[in-house]
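What follows is one structure encoded as structure tokens, with my remarks underneath.
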Amino acid sequence: MADVQNLQQLAYEARNDSSGNLDGVPETWLVTTLEDVLLRIVGGGTPSKGNPEFYSGKIPWMTVKDMNKHILQDTVDHISEEAVKNSSTNVIPAGTPIIATRMSLGKIVVANFDSAINQDLKALFAGKGVSKDFLMYWYRSCAANIEALGTGTTVKGIRLEVLKTLAFPLCPPAEQKAIAQKLDTLLAQVDNIKQRLDSIPAILKTFRQSVLAAAVSGRLTEEWREENECNEVDGDIKEILEARSKLVSKRTMIPEKHLEGDEYEIPTTWKWVSLDSLASKIVDGVHHKPEYVDEGVPFMSVKDINDGKLSFNHCKYISEETHKEIHPRCNPEKGDLLITKSGTIGRTAIVDTDEIFDLFVSVALIKPASNKVNMNYIDIALCQWVNSIDISSRVVGTAIKNLHLRDMRVLAIPFAPIEEQTQIVQRVEELFAFADQIKQQVKNAQSRVNNLTQSILAKAFRGELTEQWRIDNPELITGENSAEALLKKIQQEREKLKPAKKTRAKKALTNKKDTPVTADATDVAAIQVQPKIVATPLPEDDIEWALTIREACGKNTSLLAQDELSRLIADHLGLKRLTEQRKEAIKKAAAKACKTHLLYKEGGQYGLYQPRFADYENDSLDLVIQKAARKGRWVEQEELYRACLNYLGFKRSSDLAMERFKSYVNSALRRKILERDGSLLKRV
């Protein structure tokens, strides 16, 4: 608890400290730039995708896909030695900080192994005396600022010139280590608290399930039964059946019997009945998808039922004419019980509104047979059934799961005396309200803790975490140990690394035998043999070229000569010099872009082709989905389709565009990029 209070105090004091402002640093520090503390920034490349053998080796090859942890133990992809020799990738020594300059902006990692990198990543080789841990923590503290500095439409990137000018708080080497050690301790406490908080929802879920199990088995009201006498349930059941017979047709006059195999031990004063015997109607919504309108009668589906509530916030609408056609068969009213039966199975809600609405086939409607049927109690029994009983044998379908109505009708309900049902509902609601209160408290705590890391980092890089340390160790921050002395040493180190004469850059981090070098990141010899690095390497594959050309030409509306196009792309990539080799590469990329309808050529000049949605390939739509769909959030397929259209700037839909999107969705499902739940989709 003391750890939590200490961290909360830090968050309170530093709640406005995540701006990246370095004003007010200690007098013994220097505010310089990132470029001033680095010896070199090394980029990478992508081996040709046309050669499968390049991707069958054992050399780790890092991309933005791997930027999901602070310390990497392995990479998703691996390449061969031939791939290293025949591409612009570089093998980076273990322990070297690596950042993303395209997508995943603001992220920094180190690998516990030598790894090749692609063109979206850059390795930072810091001068001696600059702690790697200090550098990494500082970069994490700038994450929001770095992301804000990114440019681009489809994919955000940041130019090296911008990164190099980031203000860097250089403090004495000994203080860097002290800061890194304090951050190790404090942020470990934050992570520990996060893990403990993150585990509570699972505990609450187990608690709810235990409450439901106790409710429908009689354990929850065991003491109540000892102190209270109730009427026999046979009379209540008989009254319900008589009321039911007046509401149903002759064909369904005799209710289905419950499944005896679903029975378990219940009090002797209770009896087993089928759900069908307590309901006047168990039916699902309309089986065909109606035509939606902007305004009309609400039309509800699985997505509109969550946390025991029916929500009209994001529902669809149908016309009055369609409503009149489908409503007589499935007519939900206040007091009825709804349960989802397709896709996501088992969400329930009791209708608490007089508003008229209709249901899709994914939702089933259960109407009480009489006012003696406590639908809140039936809701509890249904929830317990979904949680504990193996319903896999009653679920059909592979892509879309579906629960049959006949299985609901024969569901075994433990019918307790009416008075006891009321007690059960009351106690369950009280316990669930208690769980909800804890859940909200956890959410509030998680929100505060999530801000702690940036708050603590901000204090660290203003020198506030080591204020007492500086008082106790004056000899470690002055003279030869000062920040000024360290900066001079780094400048001298950088001067020594400059080649005596201009030479042709060598390929990758290799020795004369083309064996990957595994020298320490700050080893001079290792750094000298690295290739000459430009701001951003030329793209290595067609997708990267397509994105680069679209981003570079996105705001240009006039036709461009070849030289003008080359210069525009070079400026976008941050290339100060256009060599003949680069010109030729851009020329080839432009020719291919014309074949794929990204560019068009008219009178020897190039223009940006305005594509149709149907022209986008799966790889391009993969990138669009990353921006149009929030990870882990369920959305209707049509809603996601509209979001993709809007993101790409299309104002209207078309049948061709819709068919293209459906085709893409099928592909994305196979490739595990999307996940389906009924009509809902989620980005994995």
Once both label points are put 7 Å beyond Cα along the C-beta direction, the GLU291-ILE266 separation in nm becomes 4.8 nm
Mean 1/r over distinct Cα pairs of region 565-680, inverted to a Kirkwood Rh in Å, yields 16.4 Å
Length gained, GLU321-GLN195, 0.36 nm per residue minus C-alpha separation, equals 40.1 nm
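Using only alpha-carbon positions, what ratio does the radius of gyration of region 322-377 give when scaled by 2.2 N^0.38 Å?
Cα-based Rg divided by the globular estimate yields 1.14.
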Expressed as a percent, the accessible surface of the chain that is carbon or sulfur, using a 1.4 Å probe and the full set of protein chains, is 48 percent
In terms of the alpha carbon gyration tensor, root eigenvalues a ≥ b ≥ c, rounded if a/c is under 1.5 and otherwise prolate when a/b exceeds b/c or oblate, region 113-162 is oblate
So, over other residues within a Cβ distance under 12 Å of TRP224, counting Lys, Arg +1 and Asp, Glu -1, the net charge is -4
A chain fully extended from GLU475 to SER210 at 0.36 nm per residue, minus the present Cα-Cα distance, gains in nm 89.2 nm
Given 319-331, 273-285, the highest-first ranking by average Cβ count within 10 Å works out to 273-285, 319-331
Rounded to the nearest 10, the angle in degrees between the Cα long axis of helix 173-217 and the longest principal axis of the Cα atoms of the chain comes to 10 degrees
Once Lys and Arg are counted +1 and Asp and Glu -1 for all other residues with Cβ under 11 Å from that of PRO173, the total becomes +1
Tilt, helix 418-460 to longest principal axis of the chain (alpha-carbon atoms), in degrees rounded to tens, equals 10 degrees
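Taking the solvent-accessible surface of protein heavy atoms with a 1.4 Å probe, what is the per residue accessible area of the chain in Å²?
Here the residues of the chain average 52 Å² of exposed surface.
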Full extension between LYS682 and SER667 adds, at 0.36 nm per residue less the Cα distance, a length in nm of 4.0 nm
Given 336-349, 257-270, the highest-first ranking by average Cβ count within 10 Å works out to 336-349, 257-270
Given a Förster distance of 41 Å, the FRET efficiency implied by the Cβ-Cβ spacing of SER249 and LYS627, rounded to the nearest 0.05, works out to 0.15
Quick P(r) readout (the chain; Cα-Cα; 20 Å bins; whole %) gives 14, 35, 30, 17, 3, 0
Given a Förster distance of 45 Å, the FRET efficiency implied by the Cβ-Cβ spacing of GLU256 and ALA144, rounded to the nearest 0.05, works out to 0.15
Expressed in nanometres to one decimal, the distance between label points 7 Å along Cα→Cβ at LEU559 and GLU239 is 8.8 nm
Quick calc: nm separation of the 7 Å Cα→Cβ label points for ILE71 and GLU638 -> 5.1 nm
Measuring from the longest principal axis of the C-alpha atoms of the chain, the long axis of helix 483-497 (C-alpha) lies at a number of degrees, nearest 10, equal to 70 degrees
Too long for a 19 Å Cα-Cα cut-off, among LYS257/LYS281; LYS309/LYS341; LYS122/LYS182; LYS303/LYS672; LYS49/LYS122; LYS65/LYS164, are LYS122/LYS182; LYS303/LYS672; LYS49/LYS122; LYS65/LYS164
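Taking R0 as 45 Å, what's the FRET efficiency between ASN451 and GLU602 from their Cβ-Cβ distance, rounded to 0.05? Before the final figure, lay out the partial values.
Details: r = 54 Å, r/R0 = 1.19.
E between ASN451 and GLU602, to the nearest 0.05, is 0.25.
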Under the helix-only model (-39500 (n - 2.57) for each DSSP H run of 4 or more, divided by the residues of the chain), the mean residue ellipticity at 222 nm, to 500 deg cm²/dmol, is -13000 deg cm²/dmol
Quick note, region 181-285: a/c under 1.5 would make it rounded; otherwise a/b > b/c is prolate and the rest oblate (a ≥ b ≥ c, C-alpha gyration tensor); here it is prolate
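The values are calculated or read from the model by the stated rules, or taken from the named source; none is laboratory data. All values reported here derive from a predicted model rather than from experimental measurement. Counting neighbours? That spans all protein chains shown, and the Cβs are built from the backbone with ideal geometry, glycine included. These area figures cover heavy atoms from the full protein model, side chains too; ligands, DNA and RNA do not enter into them. Shrake-Rupley method; radii C 1.70, N 1.55, O 1.52, S 1.80 Å.
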